[in-house]
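First the structure, in the form of structure tokens, and then the observations on it.
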Amino acid sequence: MKWKLAGWFFAVLMLLCCLVLGSWPPVLAETRPAGIKVTIAGSKPGPGVVVRSELTNVGQDAEINGTWTYVIDGVGKQTVSTCQGISCEAVFNQHLFTVGKKYVAKVTFDAAGPGDVPKHAEAEQPFAAPPPYGQRQSYPIRCSVAYDLAAERFYLYARLDVPNGLNVEGSWTYVDLVTKEAFRYAADRDVAFAKIGNQPGRVKSTVQFDGIIGPGHYLLQASCPFTREGIKAAVSPDNDAIRVTGRLLYGNSAKGDWLFTLVDSKGKPAASALVSRQSTPEVSYVFHDLAPGQYKALIRFAGTVDGKKRILKDSLGFQAGQSPSPNPEPDDPGMTEPDDTVTPPAAPPVSPDPFFNAQVRLLIALAVAIVVGVVVWVWVYKKL
């Protein structure tokens, strides 16, 4: 008798668990409508532009029956109904295109009968007309270094030698072959400007372009050696005075104004002098009657170096009232800001499968219900 009552109690408990679990809304796998993937290429081997299309979100073994329609504005229209499977293609004569000019391919699929699936799909793909198959154009990179007087810094200018109107999309990278520093920098399609700092010296570098030119992908590189001129500050005793000297680096002659400024330990100007020279690689000025203490000598040159306009700076700390011991501060290399540094993109978050999660949840709930049911059944059996 006891086991019958306990059995009925266990059955009622399991029935209640099933009713609760059954009340959960079912989670169905997401279904997406059919789409079309469109790619453009040069024909092989004949002279033509190939528009390839493939249905997406359908089974690879699906029996597809229907008509493909290909339209390129300004070129023509083609209809194909003989393709088997999920893919098809159409070839347009090469002479109808202008190589490098932008076009838009419009592709449509319509099912043959009322029972066929998918019923309808369409897509558009912009592209630049490719050259005939087997012909790959080479595009050189021209680079040079100039100085921005307003920003008072050097920059590298790089440009792709491509025809006007040709589609160019990609990224530029500057690589210093000596320091091994590399960073991606701002670019406007086929033209790029890189801030390369003001540290004087002769530099071996390369610039790289990675992207699309016309219909094809290119990875191009060019060597860009250059020289950044600069000045070097020096301080030395001159009897009871202090001699501050500015010397030109990586240049032959400097023509312009040399501004010498001394600031004290509190950053306040203590003395200054302006010296103009027609052509010289080195200029000095002697400061008298300096109170003992810590100073910093600031030198600013504004003029031309070997005929090129430049604004160059350097500084050096020293102690007045005793034999100066130079304490140079590190020059600002003027490299790009941290957000220009090449960093790998973060991996996208992985979305959980809702259908899988629902199955796991159901199994866990059933397991818990069985365990609870057994415990309660044993307890009821012992009490009766």
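Miscellaneous remarks
- Which listed pairs, of K232/K255; K195/K232; K268/K313; K195/K268; K268/K308; K77/K102, have C-alpha distances above 25 Å, in listed order: K195/K268; K268/K308
- Net lengthening on full extension, V117/R277 (0.36 nm per residue, minus Cα-Cα): 49.1 nm
- Ordering of 73-80, 310-317, 106-113, 48-55 by burial proxy (mean other Cβ atoms within 10 Å per residue, highest first): 48-55, 310-317, 106-113, 73-80
- Here the accessible area is traced with a 1.4 Å probe on the protein chains. For region 254-297, carbon and sulfur cover 48 percent of it.
- Distance (nanometres) between label positions extended 7 Å along Cα→Cβ at D110 and D306: 7.1 nm
- Stretch gain in nm, segment K102-L249, where the contour uses 0.36 nm per residue and the Cα spacing is subtracted: 48.0 nm
- Sorting 243-249, 82-88 by their mean Cβ neighbour count within 10 Å, with the most densely packed peptide first, gives 243-249, 82-88.
- From most to least packed by mean Cβ count within 10 Å, the peptides 261-268, 200-207 give 200-207, 261-268.
- Element breakdown for region 67-161 at a 1.4 angstrom probe: carbon and sulfur atoms account for 49% of the accessible area.
The values are calculated or read from the model by the stated rules, or taken from the named source; none is laboratory data. Everything numeric in this text was worked out from a predicted model, so none of it was measured. Virtual Cβ from ideal backbone geometry, glycine too; neighbours counted across all protein chains shown. We work out accessible area using only protein heavy atoms, side chains counted, and drop any ligands, DNA or RNA first. Shrake-Rupley method; radii C 1.70, N 1.55, O 1.52, S 1.80 Å.
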